[in-house]
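The values are calculated or read from the model by the stated rules, or taken from the named source; none is laboratory data. Remember, predicted model here, so these are calculated numbers, not experimental data. Using ideal geometry, Cβ is built from the backbone for each residue, glycine included, and neighbour counts are taken over all protein chains shown. For the accessible areas, the whole protein counts, side chains as well, though only heavy atoms, and no ligand, DNA or RNA atoms are used. Shrake-Rupley method; radii C 1.70, N 1.55, O 1.52, S 1.80 Å.
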Amino acid sequence: MMVKYNKLVRDKIPEIIEQKGGKCTYRIADEKEYWEKLKWKLQEEIDEFLEAKNEEELADVHEVVDAILDFVADIHGLSNKKVEALQKKKAEERGRFEKRIILEEA
């Protein structure tokens, strides 16, 4: 019995399933679907990290963020270096999250 997934998976997953004797069907997403599935996948991985609180799940979150950066770079010309520069600028102007400040009222 095959299970329906309709979700974005890592590139080697079909190969791994077949190596284990399983069968699967898959397709390649167009840009619009890929963008939607990346957003869904990010939420899925964040939820898994928040539940498990381990490095493996955090690595999955990072992998999806990297895929989003690559996709946005391809489509909109936004590079990882530009994102890092924006991150640095915001840190210089507004700070980071190192002091653990919780704003209660303003």
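Here the relative contact order of the chain, from alpha carbon pairs under 8 Å that lie six or more residues apart, stands at 16 percent. One decimal place: the segment residue 25-residue 63 gains 11.3 nm when fully extended, by the rule 0.36 nm per residue minus the C-alpha distance. Annotation: peptides 25-34, 80-89, ranked by per-residue average of other Cβ atoms within 10 Å with the highest first, follow the order 80-89, 25-34. Among the listed pairs 4/41; 12/41; 41/99; 7/32, those whose Cα-Cα separation exceeds 20 Å are 41/99. Across the options 75, 16, 29, the greatest Cα extent toward the positive end of the charge dipole of the chain (unit charges at beta carbon of Lys, Arg, Asp, Glu) belongs to 75. For residue 9, no residue 5 or more places off, or on another chain, has a built amide H under 5 Å of its own.
Cross-link partners of residue 81 among aspartates and glutamates, defined as those whose alpha carbon lies under 14 angstrom from its own and excluding same-chain residues fewer than eight positions apart: 66, 70.
Among the protein heavy atoms of the chain, carbon and sulfur supply 53% of the accessible surface, probe 1.4 Å, non-protein parts ignored.
Peptides 61-73, 9-21 ranked from most to least packed, by the mean per-residue count of other Cβ atoms within 10 Å: 61-73, 9-21. On a per residue basis, the chain carries 94 Å² of accessible surface, using protein heavy atoms and a 1.4 Å probe.
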